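> Starting off with a structure, shown below.
The values are calculated or read from the model by the stated rules, or taken from the named source; none is laboratory data. Keep in mind that what you see is a predicted model, and the values were worked out from it rather than measured. Side chains are part of the model used for accessible areas, which takes the heavy atoms of the whole protein and leaves out ligands, DNA and RNA. Shrake-Rupley method; radii C 1.70, N 1.55, O 1.52, S 1.80 Å.
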Amino acid sequence: MDSLSGTPKTAMASEPRFPCEAFPEDAREARLLGIYQQRGGETYMQRVKLPQGRVTADQLRALARLVERFTPGYPLHVTTRQDAELHGVLPG
């Protein structure tokens, strides 16, 4: 079972697809999902809300797994606005 989505691992796609199955073509729609195009236009940043800035150790480990899988070579950014940001995300 995937700890973030609750999806059985056998049902998960073999190819990494993040953050959604169909990448939004409209920039406004992407922003509603927390997806922002980075400078240069080839990669994106995914913002993850941390309600009240609180995060458990298990949640941080899950975020670390997402970073390792979808944005290798980029660090996880924790912001002063109670968000986590994954930089260097490639569209699905």
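> Taking θ as phi - 60°, what are the ³J(HN,Hα) couplings along segment 30-46 by the Karplus curve (6.51, -1.76, 1.60), each to the nearest whole Hz, with x for Gly and Pro?
4, 5, 4, 8, x, 10, 10, 6, 8, 4, x, x, 9, 10, 10, 10, 10
> Turning to a different aspect of this structure: Counting pairs of Cα atoms in segment 25-92, how many percent are more than 20 Å apart?
27
> Here is a further query. Kindly sort Thr79, Thr56 by accessible area of their heavy atoms, largest first, with the probe set to 1.4 Å.
Thr56, Thr79
> Accessible area per residue of segment 30-71 at 1.4 Å probe, in Å²?
That works out to 72 Å² per residue.
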